[in-house]
Amino acid sequence: DQLVNQIAAGEVVERPAAVVKELIENSLDAGARRIDVELERGGLGLIRIRDDGGGIEPSQMALAFERHATSKIASLDDLERVGSLGFRGEALPSILSVSRLRLTSCPPGGGHAWTLGGEGGLAERQPVPAAHPPGTSVEVRDLFFNTPARRKFLKAETTEFRHAQTALDRIALSRFDVGFSLRHNQRRVRDLAPADSAPARRARVAAICGEEFVAQAVEVDESRMGMRLHGWVGLPSFARNQADLQFFYVNGRLVRDRLPGFALRRAFADVMHSAHHPAYVLYLELDPAGVDVNVHPQKTEVRFREGARVHDMLFGAVHQLLRGVRP
Ligand code: ADP
Ligand code: MG
C-alpha cells in the first residue's frame with residue numbers, strides 16, 4: 001500500500017510546485033479567503049500553507065491521510081459535476097508517503113485545534129490538541145526524503161522555487177477574491193490582497209506579470225457567439241521573455257492549450273503584420289456544456305466541443321481590439 005502511494009505520488013507530486021498547487025486547491029475547496037504559503041529551500045526543506053477556511057474535524061483527520069478518502073464526492077455520478085478542485089482523495093496520502101506531513105486545523109464553532117502528523121506513509125494514531133486560529137495549516141517537511149531517485153530528478157532549489165511560485169501565480173490570477181502571500185527563505189515574495197475592484201485586479205496582474213506588462217497591454221472585454229472573453233493582451237512592443245506570460249482560463253480553470261496562441265498570433269499577423277509570440281492573461285467564459293474538463297491529475301487540459309468556434313471567437317475579439325489600437 002505504501003508502494004502504491006509512492007507510485008501515485010510520482011504522478012500527483014512530482015515536485016514541490018505540485019505539492020503547493022494541491023495544498024492551495026485544498027484550501028480553496030475549504031472556502032479560504034486568505035492563503036499564506038511559506039517555503040524553505042525551494043520547497044524541499046519546508047512547504048507550509050495556512051488558510052482561514054472551514055477546517056477539518058479531528059475525527060476526519062486520519063481519514064484525510066487515507067487513499068481515496070475524499071470528502072468531496074460520494075459517488076461516481078458526482079464526478080460528472082465536480083465543482084471542487086480536488087475529488088480524488090490522492091493528494092494528502094501521496095504527500096504523506098514521500099515527506100513528513102503535519103495537518104493542524106481548527107474547525108469553526110468554538111472548539112480548539114487539533115494536529116495529526118505522519119511520515120513516509122505512516123500516520124500517527126490520533127490527533128492531539130494544538131493551538132491554531134480557525135482554518136488549517138499543512139506542513140510538509142523533507143519532501144522526497146525516502147525516495148532518493150525522485151529527489152535526484154529535481155533541479156536547483158531556485159528552479160524548484162520558481163515552479164512553486166508559478167503554481168501560486170496561476171491560481172492567484174484565477175481567484176482575485178482570495179488573498180495570497182508567499183515567502184521563500186523568510187523573504188516575502190508575494191503579498192496579494194483580495195482584489196474586488198477593477199484597479200485592484202489590475203494591480204494584482206501587475207504584481208504577478210510585471211508593471212511593464214499591464215502598462216502596455218490592452219484590456220479586452222468582449223461578448224460574442226455566446227461567450228465572453230476578458231483580460232489583457234500584450235502588444236508586440238512588449239518584448240520581455242514572454243514564454244511564461246501566457247495565462248488562459250476557461251470558466252475559471254487554467255488551461256494550457258495551443259488554441260489561444262494560434263488565434264492571437266493570427267490576429268496580430270493580420271492587423272499588425274507582427275509575428276511575435278503574444279503575452280496574455282485571458283479569461284474565457286462559455287456554457288460548461290461546451291467543454292470537457294479532462295479528469296487528468298493536473299486538470300489543465302480541456303477539450304472544446306467546438307474548437308473552431310472558440311478559435312473564431314478569440315480571433316474575432318482580439319482582431320477587433322487590435323484594430324482599435326493600431327498605431
Ligand atoms: P481531495 O482534495 O481530492 O478530496 P486530498 O487528499 O487533497 O483529497 O484531501 C483529503 C481531504 O482532506 C479533503 O477531502 C478534505 O476533506 C481534507 N482537507 C485537506 N486540506 C484541507 C484544508 N486546507 N481545509 C479543510 N479540509 C482539508
Ligand atoms: Mg485535494
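Here LEU116 clears all of (1) within 13 Å of ligand 1 (Cβ to nearest atom); (2) within 16 Å of GLU22 (Cβ to Cβ) except the condition numbered (2). Scanning segment 217-250 for residues that are exposed (fewer than 14 other Cβ atoms within 10 Å of the Cβ) and over 29 Å from PRO288 (Cβ atoms) yields a total of 5.
Scanning segment 188-233 for residues being among the charged types (D, E, K, R) and within 20 Å of LYS21 (Cα to Cα) gives a total of 4. Only one of the listed residues (LEU122, LEU116) is over 15 Å from LEU143 (Cβ atoms), away from ligand 2 (no atom under 16 Å from the Cβ) and out of contact with any Asp or Glu (no Cβ under 9 Å at 6 or more places or on another chain). That residue is LEU122. Taking the criterion of being closer than 11 Å to ASN26 by Cβ and outside any loop (DSSP other than H, G, I, E, B), the residues of segment 42-58 that qualify are ILE49, ASP51.
Among residues that are within 23 Å of LEU44 (Cα to Cα), outside any loop (DSSP other than H, G, I, E, B), at pLDDT 55 or above and in contact with a Pro (Cβ under 7 Å, 6 or more places away or on another chain), THR104 is not included.
The values are calculated or read from the model by the stated rules, or taken from the named source; none is laboratory data. On a predicted model such as this, the values are computed, not experimentally measured, just so you know. Glycine also receives a Cβ, built like all others from the backbone with ideal geometry; neighbour counts cover every protein chain displayed.
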